[in-house]
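Please read the structure below before turning to the comments.
The values are calculated or read from the model by the stated rules, or taken from the named source; none is laboratory data. Predicted model only: the values in this text are computed from it and were never measured. Cβ: placed from backbone, ideal geometry, glycine included. Neighbour counts: every protein chain shown. Just so you know, the surface numbers come from the protein's heavy atoms only, side chains and all, with ligands and any DNA or RNA stripped out. Shrake-Rupley method; radii C 1.70, N 1.55, O 1.52, S 1.80 Å.
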Amino acid sequence: MYFKSLVIVGALSFLTLSACSPIQGKLHEIVPVEGKNRVDISESIAEVKLETIVLPENFKIEVWAADVPNARSLARSEEGIVFVGNRGGGSVFALIDSDADGRADYRYTLAEGMRQPNGIAYRNGDLYLSEVSRILKFPDIKNNLTNPYYEVVFDGFPTKGHHGHKYLGFGPDGKLYVPVGAPCNICNPEEEIFGTITRIDVDATEIKPEIVAHGVRNTVGFDWDPETGNLWFTDNNRDMMGDDIPSCELNEVTEPGQHFGYPFWHAGDVIDPEFGELGMDSDNYKYPIVKLGAHVAPLGMKFYRGAMFPKIYRKSIFIAEHGSWNRSKKVGYKISVVDPSAKNGQVGKSVFAEGWLDQNTQEVWGRPVDVMELPDGSLLVSDDFANCIYRIFYSPD
């Protein structure tokens, strides 16, 4: 058996967390250790068109790191070593801005030949990595950048590759949260673990994934509310129902074990033509907090905890929209922002950064994947199409 379901609130609940203090600080100089796996990328140039990116007033965008193949999920150490997973290339990287000038200078390859190593998470000096069926740990990684090694923490997740790439994050309960996507575009799998978000105790002698949320088709981004501790996540809804339905979602878990509809209902009110009759009425499933739009492919998301951006952005959610792949007219390819404090059934989203897609020509030159703060409060954005990472910062001067 893969898992045990979470249906009881109480000792198992992850919903207790004091408000997180803002990340305030500056970029730190980091000594770059020499090694065979190190590459100097300080002079690397990304093929990008930053002049087309539209941002709010006084915000600026620069390339923080070029030559980062298939840059996907992001994590970082306390001082600012940035770890990057990728899905298609099978590699995991560490990046260092050695002189703290706002641009990465060195890239370390930590692993190669991995199976969809998309998800990464950092805790207590160790780096955790997801493959399709395994969770790995790189102990004391910041002191072993040139001699990385890993241990297998758990190898019991399903081996199916469709939506098998995972996103990782440690919750306020100290558990590692690991989604298991549906092994299809639309289906009703017999194994309950598919289409869920699970969590595991990486320190346990015997690890058994626990299901935190059901009915989640494929989440590739989540974070915890700094005030309530509730888990929020993006979800990519099914294809082949036309250009405009169903919408992708931003959801909030208020109790462990809640069901978010898949494969019976999508976006709260769209019944599935193949499996809808097998489910219950729509009001038995959690309705999304925000409908993000059909086919926008929302991936990484983070609550903004920093102090660099203006106060209107504090505790807002930044979402990377990777963009559509089969819509007749492309959508997504931008960074959206949501203000969760405005939750009233009418809350929507606004555009924070766009320009990776030319609406007139439908040409795409970049695809945002994940977002993450640096110690100074600036925002990193990974791009697996342009093979780089951007830094967005606020500069009123």
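List of remarks:
- Stretching the chain fully between residue 326 and residue 50 yields a gain of 96.8 nm (0.36 nm per residue, less the alpha carbon separation).
- Straight-distance candidates among the lysines for linking to residue 329, with alpha-carbon spacing under 20 Å and chain neighbours fewer than 8 residues away dropped: 291.
- Computed E for residue 311/residue 277 - FRET, C-beta separation, R0 51 angstrom, nearest 0.05: 0.60
- Most positive-pole-ward Cα, 144, 169, 197, against dipole of the range 126-202 from beta carbon charges: 144
- Taking the chain and dividing mean pair separation by its residue count, relative contact order in percent (alpha carbons under 8 Å, at least six apart): 18 percent
- Under the convention that each Lys and Arg Cβ holds +1 and each Asp and Glu Cβ holds -1, the size of the dipole of the chain around its Cα centre is about 60 debye.
- When Kirkwood radius over Cα pairs in Å is computed from the coordinates, the matching label among (i) 21.1; (ii) 20.6; (iii) 21.8 is (i).
- Cross-link check: pairs 36/175; 137/302; 208/315; 26/349; 60/160 evaluated at a Cα-Cα cut-off of 31 Å; pairs beyond the cut-off: 36/175; 208/315; 60/160.
- Average accessible surface for the chain: 41 Å² per residue, computed with a 1.4 Å probe over protein heavy atoms with every protein chain in place.
- Here's the picture: charge each Lys and Arg Cβ at +1 and each Asp and Glu Cβ at -1 in the range 273-397, and of 331, 362, 320 the one pushed furthest to the positive end of that dipole is 320.
- Split the accessible area of the chain by element, probe 1.4 Å, and carbon with sulfur accounts for 47%.
- Extension gain, residue 364 back to residue 192 (0.36 nm per residue minus Cα-Cα distance, nm): 58.2 nm
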